[in-house]
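Everything on this sheet refers to the single structure shown next.
What follows is calculated from the coordinates using simple rules that are stated; it is not laboratory data. Everything numeric in this text was worked out from a predicted model, so none of it was measured. Counting neighbours? That spans all protein chains shown, and the Cβs are built from the backbone with ideal geometry, glycine included.
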Amino acid sequence: YQRRVHGIITNQMSGEPGPPAEEYTLVTAANETVKSSRGYSGKGLATYPNGDKYDGEFKNGIREGKGKYIYVSQDEYEGDFHENLKHGIGKMTYKPKGELKGVYYGYWENGQKHGEGVFTFPNKDIYSGMWKFGKKDGKGTFIFEETKMKYVGIWSDGNFVQGKWILPNGTFFEGNFEGNQPKGKGKWVFKNKDVCYGEYIQTIEAGATEAQKTIKLEWKTCSGMEQHIIFTVIE
């Protein structure tokens, strides 16, 4: 459903701008300047009251087809639109105030990342896989650029929940995860094919602020061997 905010109708489910409820500037394909896109079909350049711009195709007054949307924040989307929303295949560059925060290329539905897509982070970490309503969900691979480690498996609601934690030398842990860290029973498989079964126990300790916490991982094997690893997690 829709709501009206500062004269612009917004899709409540996705937060995407809909057709403005007040006058704005549209330059048509015939280089004619009009005060709205109402009833217009064809290519055009719209400048909305909040400073956002759309350069692309319209159908009966709404964004439909190929186009580029430039937000006043300097974020940019280029790709498919349907009924005013990002829908189909497109590329979103997140760069509020000019600072690159990431790039997504893939499928969209009703204004949200949905389906198969690739997100590249500023530090060059990459997630490639499935998305559901804007979050990592389904089969996917996350590659850590600095360490070359990988998470390969199943994601749910934005978090890695089951699969393999693969080290650069090919050794990997396979099991369940919580908070993007291993938890519960699983196994380590080494390059020489040796297998070590065991269990990861998580202990969460409060951080210096509410936004920061420390996760202590304890690996216990069937033989009683223990390994302690400490992760500092910023949410």
Of the convex hull enclosing the alpha-carbon atoms of segment 137-187, the direction-averaged projected area in nm² is 3.3
Between rounded, prolate and oblate, where does segment 33-90 land on the alpha carbon gyration tensor, with a ≥ b ≥ c its root eigenvalues, rounded for a/c under 1.5, else prolate if a/b exceeds b/c? oblate
Which value, in debye to the nearest 20, describes the size of the charge dipole of segment 21-118 about its Cα centre when Lys and Arg Cβ atoms bear +1, Asp and Glu Cβ atoms bear -1, and nothing else is charged? 120
